[in-house]
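Asks: Encoded as structure tokens, here's the structure I'll be asking about.
The values are calculated or read from the model by the stated rules, or taken from the named source; none is laboratory data. None of the values given here were measured: they were computed from a predicted structure. When we count neighbours, we look across all protein chains shown, and the Cβ atoms used for this are built from the backbone with ideal geometry, even at glycine.
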Amino acid sequence: MAKVLVSDSIDQAGIDILSQVAQVDIKVGLPLEELISIIPEYDALMIRSGTKVTKEVIEAGKNLKIIGRAGVGVDNVDIPAATRQGIIVVNSPEGNTIAAAEHALAMMLSLSRHIPDANQSVKAKEWNRKKFIGAEVYKKTLGVVGLGKIGAHVASVGKALGMKLLAYDPFISEERAGQLGCRLVDLDYLFREADYITLHVPKTPETTHLIGEESIAKMKPTTRIVNCARGGVVDEAAVAKAIQEGRLGGAALDVFEEEPLGDSELRALDNVVLTPHLGASTAEAQVNVAVDVAEQIRDVILGLPARSAVNIPGLNANVMEKLRPYLQLAETLGNMVGQLAGGRIEKLNVTLQGDLAEKEAKPLVVAALKGLLSPALRERVNYVNAEIEAKERGIRIIETRDESVRDYTGAIHLEATGADGEHSVNGALLSDGDIRITSINGFPINVPPTGYMLFTLHRDVPGIIGKIGSLLGSFNVNIASMQVGRKIVRGDAVMVLSLDDPLPEGVLSEITKVTGIRDAYTVKL
Ligand code: NAD
Ligand code: MLT
């Protein structure tokens with residue numbers, strides 16, 4: 001039975017799903033060394049933000065197939081190391097969107113109306129109404145940095161509160177911003193104009209200390225900052241200093257450069273609201289993320305694809321839904337063409353035909369590469385590392401599209417150049433989802449892929465088929481089906497045989513000695 005390690009607190013709903021298919025061990029708060037020492041036993045690791053999945057953890061995880069992050073941010077996982085090792089990393093991109101957005105809005109209003117301090121004061125038996133005069137957000141300008149899922153929800157609620165909306169996000173169109181009631185502006189403009197700045201970006205080299213000395217200098221002295229995104233997007237020391245010196249209105253922070261928050265000047269300041277990374281901490285969000293990620297771990301254990309893998313090129317849930325039937329086709333064709341080309345592949349040309357020409361190509365290219373490399377790398381190659389492995393082997397990958405080929409709704413043509421020269425295969429899906437090989441080296445055929453296949457290139461002359469049949473019979477090899485493809489009568493042709501058994505040693509070279517046979521290849525799928 002598969003084994004899953006859950007190393008952060010995860011809602012029981014997720015544990016229940018995992019328990020259907022695996023032995024689940026819950027060990028929260030493990031020291032790094034202990035995690036490294038036990039991780040080799042596990043097929044899957046499920047975490048939240050507490051566990052740091054370092055390169056060392058990943059390298060020790062010899063049996064790990066999947067790391068599931070019950071949340072959005074995967075900055076606590078060494079993704080390049082996981083990718084290199086072929087480990088799928090999945091997250092829950094939407095499970096806590098509303099929770100985080102509502103927390104950011106709550107933080108903005110709390111800061112504006114001094115609610116946390118006023119609450120403390122009343123609880124300390126004071127009644128000080130003068131001290132806690134706040135500011136309204138109505139008609140103020142809200143600057144949203146990062147207009148993704150959370151930023152978009154914050155913007156729509158901000159609009160409902162009567163705020164003017166500015167947004168900065170270099171990856172979002174003006175049209176999308178407009179739909180959300182936001183004016184897309186540059187960062188400097190947003191810093192100068194906003195009364196409230198709310199951050200909803202991932203932590204990247206570009207967003208690290210996005211709010212710091214330099215940006216604060218551009219802001220109004222009354223501007224209030226809200227960070228419910230990631231620690232480090234805000235330079236906490238710079239913010240504390242600016243608030244102390246009256247150059248910044250205040251800050252509401254849920255995430256910190258170091259968590260738990262260590263000694264920090266922020267604790268002592270008025271106009272600062274601090275929460276301990278509570279953005280996703282609602283009952284609803286915890287169930288959502290746990291179920292979302294547990295389902296993906298369960299699927300991968302059952303050999304199914306994950307829907308929100310962050311390290312499979314181009315594969316998101318949407319794309320996956322449309323391409324799922326074609327992934328197996330691409331992989332099968334890749335496997336065949338790689339064997340026909342004799343390994344040591346230098347170049348793979350992937351052409352998507354018909355309706356597929358309009359679809360996202362990347363996952364199909366990755367699937368073809370996985371198939372191409374699987375005879376050599378076996379289970380070490382998967383959708384996660386196929387592209388890296390191919391590049392490391394110096395395989396040149398060319399993607400082309402050809403909408404004009406309309407024999408099937410969607411078809412894939414692969415051409416590989418390897419130790420045995422250039423070979424090509426074409427394949428399509430039938431309406432019932434079955435795969436058909438529709439041509440080999442340009443010769444039209446129509447055969448389903450089977451476990452053991454024999455291809456010959458020969459002259460289309462009488463007697464050849466009989467000779468091959470007798471030869472195989474003499475070696476006790478049973479033929480399940482046979483088909484010939486030719487372009488012209490008595491010209492060159494291909495013969496495709498599905499065999500019940502692998503060819504015994506030496507039979508292939510006997511076949512090539514038959515008069516009229518120019519070449520012969522076996523493929524094992
Ligand atoms: P998302 O991917 O939907 O949105 C992020 C947006 O940031 C994208 O639109 C992207 O284009 C934009 N972006 C990237 N680089 C940028 C840059 N340099 N400048 C401006 N915009 C940039 O992600 P999301 O689900 O909205 O999450 C946003 C952040 O919130 C993430 O960092 C996530 O980890 C964090 N988060 C925190 C909590 C919490 O508990 N506090 C909960 C959930 C998510
Ligand atoms: C996230 O990225 O989803 C958040 O940090 C929430 C969390 O896991 O606590």
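Asks: Go through (1) modelled with pLDDT of 95 or more; (2) away from ligand 2 (no atom under 13 Å from the Cβ); (3) of a type outside the set (A, V, I, L, M, F, W, C) for Asp11 and report which single condition fails.
Replies: (2)
Asks: Among (1) in contact with a strand residue (DSSP E or B) (Cβ under 6 Å, 6 or more places away or on another chain); (2) under 27 Å from Asp188 (Cα atoms), there is one condition Ser308 misses while meeting the rest; what is its number?
Replies: All conditions are met except number (2).
Asks: Also, quick follow-up: Just give me the residues in segment 378-406 being under 14 Å from Ala368 (Cα atoms), exposed (fewer than 15 other Cβ atoms within 10 Å of the Cβ) and touching a helix residue (DSSP H, G or I) at 6+ places or on another chain (Cβ under 8 Å), in sequence order.
Replies: Glu399
Asks: Can I ask one more? Select from segment 395-415 the residues that are in a strand (DSSP E or B) and not aliphatic (A, V, I, L, M) and write down the one among them that is nearest to Ile345 (Cα to Cα).
Replies: Arg396
Asks: Restricting the search to segment 197-220, which residues are more than 10 Å from ligand 1 (Cβ to nearest atom) and in a strand (DSSP E or B)?
Replies: Result: Ile197, Thr198, Ile211.
Asks: So Leu105 ticks every box in (1) closer than 21 Å to Ala13 by Cα; (2) assigned by TED's automatic domain parsing to the domain that holds Val226 but one. Which box is left unticked?
Replies: Failing condition for Leu105: (1).
Asks: Just to verify a result, which residue in segment 221-251, among those that are part of a strand (DSSP E or B) and within 16 Å of ligand 2 (Cβ to nearest atom), is nearest to Leu105 (Cα to Cα)?
Replies: So, considering only residues that are part of a strand (DSSP E or B) and within 16 Å of ligand 2 (Cβ to nearest atom), the one nearest to Leu105 (Cα to Cα) is Val226.
Asks: Among the candidates Lys149, Lys203, which residue alone is in contact (Cβ under 8 Å) with a residue 40 or more places away in the chain, in contact with a helix residue (DSSP H, G or I) (Cβ under 8 Å, 6 or more places away or on another chain), within 16 Å of ligand 2 (Cβ to nearest atom) and closer than 27 Å to Asp235 by Cβ?
Replies: Criteria check complete, one pass: Lys149.
Asks: Got a sec? Which strands (runs of 3 or more DSSP E) wholly within segment 416-466 have at least 1 residues that are over 29 Å from the mean Cα position of the chain (by Cα) and surrounded by fewer than 13 Cβ atoms within 10 Å (Cβ to Cβ)?
Replies: Once the strands (runs of 3 or more DSSP E) in segment 416-466 are filtered for at least 1 residues that are over 29 Å from the mean Cα position of the chain (by Cα) and surrounded by fewer than 13 Cβ atoms within 10 Å (Cβ to Cβ), what remains is 421-429.
Asks: Return the pairs, sorted by first residue and then second, in which the second residue is assigned to a loop (DSSP other than H, G, I, E, B), the first residue lies in segment 496-525 and is without any contact (Cβ under 8 Å) to a residue 40 or more places away in the chain, the beta carbons are less than 6 Å apart, and the residues are 6+ apart or on different chains.
Replies: Going by the 6 Å Cβ cut-off, the qualifying pairs are Pro504/Phe475; Val507/Phe475.
Asks: For residues in segment 263-317 being within 13 Å of ligand 2 (Cβ to nearest atom) and at pLDDT below 95, which is surrounded by the fewest Cβ atoms within 10 Å (Cβ to Cβ)?
Replies: Val310
Asks: Please name all residue pairs, on different chains or six or more residues apart, with Cβ atoms under 8 Å, provided the first residue is in segment 54-77 and is outside the structural domain of Ala229 (by TED's automatic domain parsing) and the second residue is more than 9 Å from ligand 2 (Cβ to nearest atom) and among the aromatic types (Phe, Trp, Tyr).
Replies: Gly61/Tyr42; Asn63/Tyr42; Leu64/Tyr42
Asks: Oh, and also: Among (1) free of Cβ contacts under 8 Å to residues at least 40 places away in the same chain; (2) more than 21 Å from the chain's Cα centre (by Cα), there is one condition Ala386 misses while meeting the rest; what is its number?
Replies: (2)
Asks: Also, quick follow-up: Tally time: how many residues in segment 342-364 are in contact (Cβ under 8 Å) with a residue 60 or more places away in the chain, under 23 Å from the mean Cα position of the chain (by Cα) and closer than 18 Å to Tyr383 by Cα?
Replies: Residues that pass the stated criteria total 1.
Asks: Looking only at segment 98-114, count how many residues are within 11 Å of ligand 1 (Cβ to nearest atom) and buried (at least 20 other Cβ atoms within 10 Å of the Cβ).
Replies: Selection size over segment 98-114: 6.
Asks: Which is under 15 Å from Ile465 (Cβ atoms) and not in a strand (DSSP E or B), of Val494, Val489?
Replies: The unique qualifying residue is Val489.
Asks: Taking the condition crowded, with 18+ Cβ neighbours inside 10 Å and either touching a Lys or Arg at 6+ places or on another chain (Cβ under 6 Å) or within 22 Å of Ala306 (Cβ to Cβ) (or both), does Pro93 pass?
Replies: For Pro93, the condition - crowded, with 18+ Cβ neighbours inside 10 Å and either touching a Lys or Arg at 6+ places or on another chain (Cβ under 6 Å) or within 22 Å of Ala306 (Cβ to Cβ) (or both) - is met.
Asks: Do we have any residue at all in segment 409-429 that's without any contact (Cβ under 8 Å) to a residue 24 or more places away in the chain and over 21 Å from Val496 (Cα atoms)?
Replies: No, segment 409-429 has no match at all.
Asks: Going residue by residue through segment 30-38, is there one that turns out to be outside any helix (DSSP H, G or I) and over 19 Å from Gln296 (Cα atoms)?
Replies: Yes, segment 30-38 contains a residue that is outside any helix (DSSP H, G or I) and over 19 Å from Gln296 (Cα atoms).
Asks: Looking at this structure, is Asp292 in the same structural domain as Ala13 (by TED's automatic domain parsing) and either more than 15 Å from the chain's Cα centre (by Cα) or within 23 Å of Gly68 (Cα to Cα) (or both)?
Replies: yes
Asks: Let me ask something else. Has segment 56-63 got at least one residue that is within 26 Å of Tyr383 (Cβ to Cβ), away from ligand 1 (no atom under 16 Å from the Cβ) and in a strand (DSSP E or B)?
Replies: No - not one qualifying residue is present in segment 56-63.
Asks: Let me ask another. Mind checking which residues of segment 158-179 are within 30 Å of the chain's Cα centre (by Cα) and surrounded by fewer than 21 Cβ atoms within 10 Å (Cβ to Cβ)?
Replies: Listed by number, the residues that qualify are Asp169, Pro170, Phe171, Ile172, Ser173, Glu174, Glu175, Arg176, Gly178, Gln179.
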